[in-house]
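The values are calculated or read from the model by the stated rules, or taken from the named source; none is laboratory data. The structure presented is a predicted model; accordingly, all values stated were derived computationally and were not measured. We place every Cβ from the backbone using ideal geometry, glycine too, and count neighbours over all the protein chains shown.
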Amino acid sequence: MVGSLGLLASACGGDDGDSGGSTGGSGTALEGRGPITFATGKDTSGNLTNQVAAWNSQHPDEKVEVKELPESADQQRQQMVQNAQAKSDAFSVLNLDVVWTAEFAANRWVQELPADQFPDLGKLIPATVDTAKYRDKLYAVPVTSDGGLLYYRSDLLKAAGVEAPKTWDELKAACTKVQATPAGKGLGCYAGQFEKYEGLTVNFSEAVNSAGGVVVGDDGKPNVDTPEALAGLQFLVDGLKSGEFPKASITYKEEEGRRAFQEGKLLFLRNWPYVYALAGKTDGSSKIAGKFAVAPLPGKAEGGVSTLGGHNYGISTFAKNKATAADFIKFMSSEERQKANVEKTSQAPTWASLYDDAALNKQFPYLAPLKASIESAKSRPKVVKYGDVTVAIQEAAYGALTGTTPPKDALTALQTKLSTLITQ
Ligand code: GLC
């Protein structure tokens, strides 16, 4: 898989014609010390303030000011791109979604990083490090990973005598069974992220991959107009059309789905690991603490395939105080900080060792299914024009989900669009 991504990246690369292969060119000097800013999407984990405070207390002359951006990945990207296009120094360190590396690197909006200054990279899950590279060069450091999980109401499944589902048919059968019990009356069956934004690209890709299809094949070419991809899309379309998935889920991003699940309105929810800690809170904010568990995503004939998510910290090309920025990234990606973050938030670490830590596994039973989810996860296309690619996917999927476009037509049109965008 890694090889195919490399192929894609070079087929769709920017204009840098990098024949020299040097790592220490003029663009890589990380100089200057002093206060910096950290631009990041809305902190849904609730622990970022603690992490940044730990840095600030140790670095009184190099304090980090958090610039909190919107919750939606697309809106975060938009603000970061606008800043970069204006060559503004307002953002020093950027919390980059794993899918933006190629675009930010090819446009030289983020600084190339000298890999030898980040010796811990070898200890991170290799797939996460791959997301931070473009044309074999490093542009960011992975701080959190992400893999999709199936959250389910363990209390209700147990009472109905049903196991956690491995397939979509089993999932629907479980819903029917639980909804027939008094406790399951009126309960929504399943929701994911179906609003028209990056989360829909994630959920669409997972449905396609979990039915044996691909969005982009191992040869780097789009191949989405297939019976397998159609079966995947159909799972989502049918669920919404029949009312098995609550109508409101078409407006769900991560947080809306989390709230519905925590309010006890859903039997199953596809979401990221950060939800585990929040849904388990016993301070009254979650009605289902102690009543849920997680399993790998289900698929059409067997277990499903997650889309690889996560975030990497990079340095804006236009930033001041880049030496401080590099040290802040080292600090935030360190094993110690990541462990502290797992203990508070259930966000997925990028350090492989943390998944094998016996004490942590005992305390956080989601770590084993999460590691499996991340290790078998598929990446989204690693292309410079990712912004256009994801909009094309979102439009196709949303058209089908809202009943505007027949699913087969949506896939045929998407194939045509992606072929233009990805071979350029
Ligand atoms: C999470 C993932 C990210 C993904 C986004 C979609 O933040 O880590 O990779 O793009 O969700 O909403």
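Residues are listed down the side, and each one gets a yes or a no for (1) within 30 Å of Pro165 (Cα to Cα); (2) in a strand (DSSP E or B); (3) within 16 Å of the ligand (Cβ to nearest atom):
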site: Leu267; (1), (2), (3): yes, yes, no
site: Leu278; (1), (2), (3): yes, no, yes
site: Gly290; (1), (2), (3): yes, no, no
site: Asn312; (1), (2), (3): no, yes, yes
site: Phe318; (1), (2), (3): no, no, no
site: Thr324; (1), (2), (3): no, no, no
site: Phe331; (1), (2), (3): no, no, no
site: Gln338; (1), (2), (3): no, no, yes
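No other residue among Lys371, Lys408 is surrounded by fewer than 22 Cβ atoms within 10 Å (Cβ to Cβ) and not assigned by TED's automatic domain parsing to the domain that holds Ala207 apart from Lys371. Taking the stretch 133-240 as the region of interest, the strands (runs of 3 or more DSSP E) fully inside it that hold 1 or more residues being of a type outside the set (Val, Ile, Thr) and more than 16 Å from the ligand (Cβ to nearest atom) are 149-152, 188-191.
Yes/no per residue for (1) among the hydrophobic types (A, V, I, L, M, F, W, C); (2) buried (at least 23 other Cβ atoms within 10 Å of the Cβ); (3) under 30 Å from Gln234 (Cα atoms):
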residue	(1), (2), (3)
Leu360	yes, no, no
Ser376	no, no, yes
Gly387	no, no, yes
Leu401	yes, yes, yes
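Among the residues of the stretch 100-125, write down those that are within 20 Å of Ser373 (Cα to Cα) and either within 14 Å of the ligand (Cβ to nearest atom) or under 16 Å from the mean Cα position of the chain (by Cα) (or both). Across the stretch 100-125, the qualifying residue is only Ile125.
From the list Ser373, Ser353, the lone residue that is more than 18 Å from the chain's Cα centre (by Cα) and assigned to a helix (DSSP H, G or I) is Ser353. Quick check on Ile329: is it out of contact with any Asp or Glu (no Cβ under 9 Å at 6 or more places or on another chain), at pLDDT 95 or above and not assigned by TED's automatic domain parsing to the domain that holds Val215? Judged against the criteria, Ile329 is a match. Residue count for the stretch 75-99, restricted to those that are within 11 Å of the ligand (Cβ to nearest atom) and surrounded by fewer than 16 Cβ atoms within 10 Å (Cβ to Cβ): 1.
Given the conditions (1) surrounded by 20 or more Cβ atoms within 10 Å (Cβ to Cβ); (2) within 25 Å of Glu228 (Cα to Cα); (3) of a type in the set (S, T, N, Q), which single one is not true for Thr350? For Thr350, the exception is condition (2). Sub-6 Å Cβ pairs linking a first residue in the stretch 230-242 that is over 16 Å from Thr405 (Cβ atoms) to a second residue that is at pLDDT 95 or above, at least 6 apart or interchain, are Ala231/Ala211; Ala231/Lys300; Phe235/Trp168; Phe235/Ala207; Gly239/Phe245, ordered by first then second residue. For the stretch 59-74, taking the residues that are more than 27 Å from Gly280 (Cβ to Cβ), out of contact with any strand residue (DSSP E or B) (no Cβ under 6 Å at 6 or more places or on another chain) and free of Cβ contacts under 8 Å to residues at least 40 places away in the same chain, the one that is nearest to the ligand (Cβ to nearest atom) is identified as Lys63.
Would you check if there is a residue in the stretch 295-305 being in contact (Cβ under 8 Å) with a residue 12 or more places away in the chain, among the β-branched types (Val, Ile, Thr) and within 30 Å of Leu266 (Cα to Cα)? Reasoning before the result, please.
First, the residues of the stretch 295-305 that are in contact (Cβ under 8 Å) with a residue 12 or more places away in the chain: 295-305.
Subset that is among the β-branched types (Val, Ile, Thr): 305.
After this cut, where a residue has to be within 30 Å of Leu266 (Cα to Cα) as well, the list is 305.
Yes, there is a match, as at least one residue in the stretch 295-305 is in contact (Cβ under 8 Å) with a residue 12 or more places away in the chain, among the β-branched types (Val, Ile, Thr) and within 30 Å of Leu266 (Cα to Cα).
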